[in-house]
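Take a look at the structure set out below.
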Amino acid sequence: MGVEYWLVDKGKKAFYDLGKGPWGWSWDDFSWALSDVDVLKEALCGVWQETSRFNAMPMLPDDYSYVWWLAEDLHRHFGESREADMVVVSDGGDELTIMRSKGYRGLGSRYLHRASDEEREKEMKNLNRHFDENGKIKACYDPNDLKTLPGFDDW
């Protein structure tokens, strides 16, 4: 159990699976750093260390490796994004369904750290499961059926 988070770029119509934990609920602590990968690494390490204090766990070399990989991946996808277009959504609402109905594409996931090619392909298919094999949005995500959802016009 727990809340899942997605980083969304409304300008690019794209999203990134942040998973559970501090990456979503600490968004304001690092959103400003997306354009500079080195600053983003430091900001994400700060988020990790801040949330790890609750568990009294120091950052291990593998933790740094993961956080730096995440920073580089986020920067690669969103380094040129406008901060005003960036938002984090959770699985507690209809935002992800609405975004999928409007053709937003999944760009990546924090779960892809050290993933094999096969695992990467499977995760990317899952992120973009709202598209059929021809790149068309599947009928179950028809925006005409979803117009009544709260916030539909915001996306």
**Interchain or long-range residues, amide H under 5 Å from PHE131's placed H** = LYS138
**Request:** Please give the helix 61-78 orientation as an angle from the longest Cα principal axis of the chain, in degrees from 0 to 90, rounded to the nearest 10.
**Result:** 40 degrees
**Prompt:** What is the gain in length, in nm to one decimal, between ASP62 and VAL87 on full extension, counting 0.36 nm per residue of separation less the C-alpha to C-alpha distance?
**Reply:** 6.2 nm
**Request:** State the volume of the convex hull built on the alpha-carbon positions of the range 71-132, expressed per residue in Å³ and rounded to an integer.
**Result:** 110 Å³
**Asked** If contacts are Cα pairs under 8 angstrom and at least 6 residues apart, what is the relative contact order of the chain in percent?
**Response** 29 percent
**Asked** Where the accessible area of the chain is counted over protein heavy atoms with a 1.4 Å probe, how much of it, in %, is carbon and sulfur?
**Response** 49 percent
**Fill in**
The answer for the chain, accessible area per residue at 1.4 Å probe in Å², is 58 Å²
**Prompt:** In nanometres, what is the gap between the two model label sites at ARG105 and GLN49, each 7 Å from Cα along Cα-to-Cβ?
**Reply:** 3.7 nm
**Request:** Among SER109, ASN126, LEU149, pick out the residue whose Cα is farthest towards the positive end of the charge dipole of the range 107-155, where Lys and Arg carry +1 and Asp and Glu carry -1 on C-beta, about the Cα centre.
**Result:** SER109
**Request:** Provide Rg and Dmax in Å for the chain, with only Cα atoms included in the calculation.
**Result:** 16.2, 50
**Helical contribution to [θ] at 222 nm, DSSP H n ≥ 4, -39,500 (n - 2.57), averaged over the chain, rounded to 500** = -11500 deg cm²/dmol
**Fill in**
Result: in the chain the number of Lys pairs with C-alpha under 14 Å apart, spaced 8 or more or on different chains, is 8
**Request:** Using DSSP to define loop residues, name the trypsin sites (Lys or Arg not before Pro) in the range 100-146 whose beta-carbon has at most 16 other beta-carbon atoms within 10 Å.
**Result:** LYS102, ARG114, ARG129, LYS136, LYS138
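The values are calculated or read from the model by the stated rules, or taken from the named source; none is laboratory data. Values in this document were obtained by computation on a predicted structure and should not be read as measured data. As a convention, Cβ positions derive from the backbone with ideal geometry for all residues, glycine included, and neighbour counts pool all protein chains shown. Areas reflect the complete protein model, heavy atoms only, side chains present, ligands, DNA and RNA absent. Shrake-Rupley method; radii C 1.70, N 1.55, O 1.52, S 1.80 Å.
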